[in-house]
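In what follows, a structure is listed as structure tokens, so that the remarks can point back to it.
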Amino acid sequence: MTRELTCIGCPMGCRISAEIQDGKIIKIEGNSCNVGKKYAEEELSCPKRMVTALVQVQGAREPLCVKTREPIEKRLIFDCLRELEKVSVVRPVHIGQIVLKNVCGTGVDVVATREYD
Amino acid sequence: MKQIDLLIIGGGPAGLAAAAAAYESGCRDMLILEREETLGGILKQCIHNGFGLHTFKEELTGPEYAQRYIDKILEYGIPYQTGAMVIEITPEKTVTCVSREKGLEQFSARAIILAMGCRERPRGSLGTPGWRCAGVYTAGTAQKFVNLQGLMPGKRVVILGSGDIGLIMARRMTFSGAEVLGCVELMPYSAGLKRNIVQCLDDFDIPLYLSHTVIDIEGKERLSGVTIAKVDGDLKPIPGTEIHFDCDTLLLSVGLIPENELSEMAGVKLSPATSGAIVDDRLMTSVEGIFSCGNVLHVHDLVDFVSQESARAGENAAAYLEGRLDICAQRIPVVAGSGVNALVPQYISQSANCPTTIMFRPRAVRKNAVVRVCVGDEELLRKKYRVLAPGEMVTMTLPADFMQRQAAQAQGAEVLVEVLE
């Protein structure tokens, strides 16, 4: 199987194609440097993303913005968002305050990213 | 009329960084005037991460980045007024401001920093045909609805333009339960940052239609669909290439325009290339004592660069107030050569004796290009780039001593910036 990727290591944006066999990368082509190789390896083995989202605040229409403290596995993004839909926080909230612990069993906490009085 | 040393117009990232730096450089009599109810500017609604990698060496969200600077303002005790809109600035630096709290107020300032930011290009400036129905928003307006007010503008979305705000909103709308059908870009390349293409479109299999544009907007009350078509080399739609989308929302991410109405009232000369003020290396405009920085000066890619630039404006304004800025020095022009657009600054003072930053946007995508900066016949800098694109601003730093060189002191000297193939 061949996977096509765009490297985000620099503005070059190399189109990288990686050949995968039995879950292992056997060939990486199209990258101009090592940054691209590393990016492709990470991206193909276990891609991770920071998730930023909004949660409800009790008694207010304006939502509270939050983020995962660390990147979580990309495949869990929508599970994470669904868990956060159920969250409703009580004011006041401070930057860095935990709104949801261990989201989707990742070990990563979701924290507030603004001051909300 | 109140006398004040320094007025800062705008409490977004530029105004906050300028105020903090002016304070650190010794200025004590100053005031920030902000139109909205809270400080922070556009960062308040940019809840995604990716801010501050250069400044703080960590990835922050917009509100977190803004808070770092707001905390500084509070720590220093720098006064600010929110809900205060400046309606006039005169060349004599008389500033008229209105607010619910204090009504009409006038200030006589010794120095002013313009930090009003920019606004989005609206539909009216595009000449897109079709109905004037509800459901067509600029991407930033939709961002404000979703992120600050908890409202959803629509369920099936097409995005015109591949600017960063449009890309970020493609992901946000997807996260919030909408279906994003595609992102349509007139040019053969994206206007946004690569990482946003990957993390906002590719991650969610949202197609990017390069060299395409919207040719029809349908719907009487509410948007019901748009038609897009491929464009030729002259950017004209090609018949037979139409694709139709049923959708209720069209987001526009088609460029930003520095908001310079107040600057013009003050007699500040503007550059047609940047739509911002013409400034020298100290970020002083054509009006003595009026400085400009951030997105009101020229549209930046990253807030980190806005903060850096604005801090320089703050330092220089403080130096000006103390009479430490040599304003009588000759200024030599900085000229945009081939392949160079939106160059800032447009002048460099001959008394400059610190490293000078020049910023510009390449006119087109170029691979293996060289950027050269010359003064007269002398080459000051030459830098190789594997790729240059209009979507990524280029920054060149000239050595501190270059103004003392003979070529720079010569009659009629100018600094030439050009992209060589």
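The values are calculated or read from the model by the stated rules, or taken from the named source; none is laboratory data. Bear in mind that the values here come from a model prediction, so they are computed numbers and not experimental data. Quick reminder, even Gly has a Cβ in these numbers, built from the backbone with ideal geometry, and neighbours come from all protein chains shown. Just so you know, the surface numbers come from the protein's heavy atoms only, side chains and all, with ligands and any DNA or RNA stripped out. Shrake-Rupley method; radii C 1.70, N 1.55, O 1.52, S 1.80 Å.
Applying a threshold of 7 Å to beta carbon distances and a minimum spacing of six or more residues, or different chains, the list of pairs starting in segment B:56-67 at a residue that is without any contact (Cβ under 8 Å) to a residue 60 or more places away in the chain and facing chain A (nearest Cβ under 8 Å) and ending at one that is open to solvent by less than 10 Å² (accessible area, probe 1.4 Å) and of a type in the set (A, V, I, L, M, F, W, C) reads B:Thr61/A:Cys65; B:Thr61/B:Ile47; B:Pro63/A:Cys65; B:Pro63/B:Leu43; B:Pro63/B:Ile47.
Take segment B:172-217 and flag every residue that is crowded, with 20+ Cβ neighbours inside 10 Å, at pLDDT below 95 and of a type in the set (Val, Ile, Thr). Within segment B:172-217, just B:Ile197 meets the criteria. Scanning segment B:91-143 for residues that are among the aromatic types (Phe, Trp, Tyr), open to solvent by 20 Å² or more (accessible area, probe 1.4 Å) and at pLDDT 95 or above yields a total of 1. Look at segment B:194-223: where a residue is within 14 Å of chain A (Cβ to nearest Cβ) and a partner is of a type in the set (A, V, I, L, M, F, W, C) and open to solvent by 20 Å² or more (accessible area, probe 1.4 Å), sitting 6+ places away or on another chain with Cβ atoms under 6 Å, you get B:Lys194/A:Ile8; B:Arg195/A:Ile8; B:Val198/A:Ile8; B:Leu201/B:Leu208. One residue is enough: does segment B:58-68 have a residue meeting the conditions of a type in the set (Gly, Ala, Ser), more than 24 Å from B:Leu321 (Cα to Cα) and not assigned by TED's automatic domain parsing to the domain that holds B:Ala139? Yes, segment B:58-68 contains at least one residue that is of a type in the set (Gly, Ala, Ser), more than 24 Å from B:Leu321 (Cα to Cα) and not assigned by TED's automatic domain parsing to the domain that holds B:Ala139. Of all the residues in segment A:36-55, those that are within 10 Å of chain B (Cβ to nearest Cβ), within 18 Å of B:Thr174 (Cα to Cα) and open to solvent by 20 Å² or more (accessible area, probe 1.4 Å) number 2. Only one entry of B:Gly314, B:Gly267 meets the criterion of being open to solvent by 10 Å² or more (accessible area, probe 1.4 Å) and not basic (Lys, Arg), and that entry is B:Gly267.
For segment A:28-35, check the following and say yes or no: at least one residue is among the acidic types (Asp, Glu), farther than 30 Å from B:Gln149 by Cβ and either at the interface with another protein chain (Cβ under 8 Å from one of its Cβ atoms) or open to solvent by less than 60 Å² (accessible area, probe 1.4 Å) (or both).
No, because not a single residue in segment A:28-35 is among the acidic types (Asp, Glu), farther than 30 Å from B:Gln149 by Cβ and either at the interface with another protein chain (Cβ under 8 Å from one of its Cβ atoms) or open to solvent by less than 60 Å² (accessible area, probe 1.4 Å) (or both).
Going through segment B:270-288 one residue at a time, which ones are touching a residue at least 40 places away in the same chain (Cβ under 8 Å), surrounded by fewer than 21 Cβ atoms within 10 Å (Cβ to Cβ) and hydroxyl-bearing (Ser, Thr, Tyr)? B:Ser271, the sole residue that qualifies. Taken together, the criteria exclude B:Glu64 from residues that are modelled with pLDDT of 95 or more, crowded, with 20+ Cβ neighbours inside 10 Å and under 19 Å from the mean Cα position of the chain (by Cα). Considering segment B:130-163, the residues that are under 23 Å from A:Val57 (Cβ atoms) and not in a helix (DSSP H, G or I) include one that is nearest to the other protein chains (Cβ to nearest Cβ), namely B:Gly150.
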